[in-house]
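Q: Just dropping this structure here.
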Amino acid sequence: MNEQDIQRLARRETLLKLAATGALGAGGILGLVRDALSAGSLPATPGFRHIRGPVGVDNTRASIGLNIKPGQAVMTGEGGEAVFIIGPDAFLQREKSKVIFEESGGAQIMRVVTGKILSVFGKNKERQRNLSLVTSTATIGIRGTGCYIEAEEARTYFCLCYGEAEVTPKGDPKQKETIQTKHHDHPIYIHASGDRMMAPATVINHTDAELTMLENSVGRWPPFSGGNRY
């Protein structure tokens, strides 16, 4: 048995345990895991891997396997949910969310217009361009990271689940901060205005099981897992 087979079996064992405990929910994403296990592997195939409810790309209804191209927006309606892969990155987008994937000046930009998205990103060596996350209140430079965002007009919730990010409040760029975490150590709110643009927060609305599922979908482990990592 080669190293790739060993890693595949380890991923299967981890996801079987998560599925058995119900950590990935009663349906939806759990169904994605079951499909992957029945197929015998979790290949990093680009495009949509799971769709529930109303999900669209621009003006087109999303379908399994559909790729997201630069300049396109992924939108979920009420009750909608999607898991998709773009290059070395994987995403879980929740309901009533709009996210645009752009390229500008040699850089990649993920613009979270509104809503909630959990993301895992490959290291810089896995991509050809720098990557920034943009919301109404912040610009966030990403370096091999897992993170969760909830974007509203007046504030952004940002949990750097692990990795490193440079957070710049749009309302006062001088308050820029570089954050490094290992396991949800420093969640924050980034406000549109006020003397203190960034305020401490708690961990909300995302789980380690979901992060593990996303990382495994692109052949990696989250750093907190103790398994094969970046």
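Read-outs: derived from the displayed coordinates by stated rules, not from any lab. Computed from a predicted structure; not experimentally measured. Don't worry about glycine lacking a Cβ; one is built from the backbone with ideal geometry, like all the others, and counts go over all protein chains shown.
Q: Given 0.36 nm per residue, what is the gain on full extension from N67 to S225 after removing their alpha carbon distance, in nm?
A: Numbers: separation 158, 0.36 × 158 = 56.88 nm, distance 2.90 nm.
Taking 0.36 nm per residue and subtracting the Cα distance, the gain is 54.0 nm.
Q: Going down the list K96/K116; K69/K96; K123/K182, which pairs span over 19 Å between their C-alpha atoms?
A: On the way: K96/K116 8 Å; K69/K96 21 Å; K123/K182 15 Å.
The answer is K69/K96.
Q: Counting other Cβ atoms within 10 Å of each Cβ, which GluC sites (Glu not before Pro) in the stretch 116-175 have at most 16 and sit in a DSSP loop? Present the calculation step by step, with values, prior to reporting the outcome.
A: Numbers: sites: E126, E150, E152, E153, E164, E166; in loops: E152, E153.
Answer by residue number: E152, E153.
Q: Moving on. How far, in nm, would the chain grow between K176 and A107 when pulled straight, counting 0.36 nm per residue and subtracting the alpha carbon separation? Kindly include the intermediate steps, with their values, before the conclusion.
A: Details: separation 69, 0.36 × 69 = 24.84 nm, distance 1.97 nm.
Result: 22.9 nm gained on full extension.
Q: Moving on to the next point. At 0.36 nm per residue, and after removing the present C-alpha to C-alpha distance, how many nm does the segment from D208 to E166 gain when stretched out fully? Numbers along the way, then the final one.
A: On the way: separation 42, 0.36 × 42 = 15.12 nm, distance 2.24 nm.
Difference between extended and current length: 12.9 nm.
Q: Still on this structure, please answer the following. When all alpha-carbon pairs of the stretch 44-219 are counted, what percent fall beyond 28 Å?
A: Details: 2539 of 15400 pairs.
Every Cα pair in the stretch 44-219 considered, those over 28 Å come to 16 percent.
Q: Taking the stretch 109-196 as the region of interest, what is the percent of Cα-Cα pairs per 10 angstrom bin, listed from the shortest bin to the one with the maximum distance?
A: Spelled out per bin, shortest first, that is 18, 55, 25, 2.
Q: In addition: Can you order the peptides 219-225, 88-94, 195-201 by their average number of other Cβ atoms within 10 Å per residue, highest first?
A: On the way: 219-225: 19.4, 88-94: 22.1, 195-201: 14.1.
Descending packing order for the listed peptides: 88-94, 219-225, 195-201.
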